[in-house]
1. Taking the conditions exactly as written (touching a helix residue (DSSP H, G or I) at 6+ places or on another chain (Cβ under 6 Å) and modelled with pLDDT of 90 or more), does residue 65 satisfy them or not?
2. Which of the numbered conditions does residue 99 fail, given that it passes all the others? Conditions: (1) outside any loop (DSSP other than H, G, I, E, B); (2) surrounded by fewer than 18 Cβ atoms within 10 Å (Cβ to Cβ); (3) in contact with a helix residue (DSSP H, G or I) (Cβ under 9 Å, 6 or more places away or on another chain).
3. Kindly evaluate residue 29 against the criterion of being modelled with pLDDT under 85, crowded, with 18+ Cβ neighbours inside 10 Å and either assigned to a loop (DSSP other than H, G, I, E, B) or out of contact with any strand residue (DSSP E or B) (no Cβ under 7 Å at 6 or more places or on another chain) (or both).
4. Suppose we filter 8, 23 for residues that are modelled with pLDDT under 60, surrounded by fewer than 14 Cβ atoms within 10 Å (Cβ to Cβ), out of contact with any helix residue (DSSP H, G or I) (no Cβ under 6 Å at 6 or more places or on another chain) and over 19 Å from residue 89 (Cα atoms); which single one remains?
5. Just a yes or no: is a residue in the stretch 68-79 part of a strand (DSSP E or B), modelled with pLDDT of 90 or more and touching a helix residue (DSSP H, G or I) at 6+ places or on another chain (Cβ under 7 Å)?
């Protein structure tokens, strides 16, 4: 979803209004899918709340947003997310991570140095546009859920 920032008459606080779907459909999920529709604004707010880093696509350019930075005005969509406890991100759990479920247009996801089990990462199967996934330094992660993920893209043989 791409958003436009607007301020209602008589209101000091701006709000974001969705104006365009990313990936040509509802949040990147295939038509008639059980994959939830992602919400870029809610996901961005959650990532910032756990001190993660965002890469936003703003006017065809990638803009890095640190946790202390404000979201840009105008249209944007999430391109990449980095969650790394060495940089102060966290804590993470399966409930919080579901904020990322179904994010159409999300191309890159990095989750480093957390104690997450495979079940905590089940949402990854809903990221149908994901091109780069890094899960590093995570003792509990075995990768069994990823091997059966409905979003997994197997190259032709």
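The values are calculated or read from the model by the stated rules, or taken from the named source; none is laboratory data. Please read these numbers as outputs of a predicted model, since none were measured by experiment. A quick note on method: Cβ atoms are made from the backbone with ideal geometry, for glycine too, and the neighbour counts reach across all protein chains shown.
1. Numbers: touching a helix residue (DSSP H, G or I) at 6+ places or on another chain (Cβ under 6 Å): no; modelled with pLDDT of 90 or more: yes.
It is false that residue 65 is touching a helix residue (DSSP H, G or I) at 6+ places or on another chain (Cβ under 6 Å) and modelled with pLDDT of 90 or more.
2. Condition not satisfied by residue 99: (2).
3. Criteria met by residue 29.
4. Step by step, each of 8, 23 is checked, and only 8 is modelled with pLDDT under 60, surrounded by fewer than 14 Cβ atoms within 10 Å (Cβ to Cβ), out of contact with any helix residue (DSSP H, G or I) (no Cβ under 6 Å at 6 or more places or on another chain) and over 19 Å from residue 89 (Cα atoms).
5. The answer is yes, given that some residue of the stretch 68-79 is part of a strand (DSSP E or B), modelled with pLDDT of 90 or more and touching a helix residue (DSSP H, G or I) at 6+ places or on another chain (Cβ under 7 Å).
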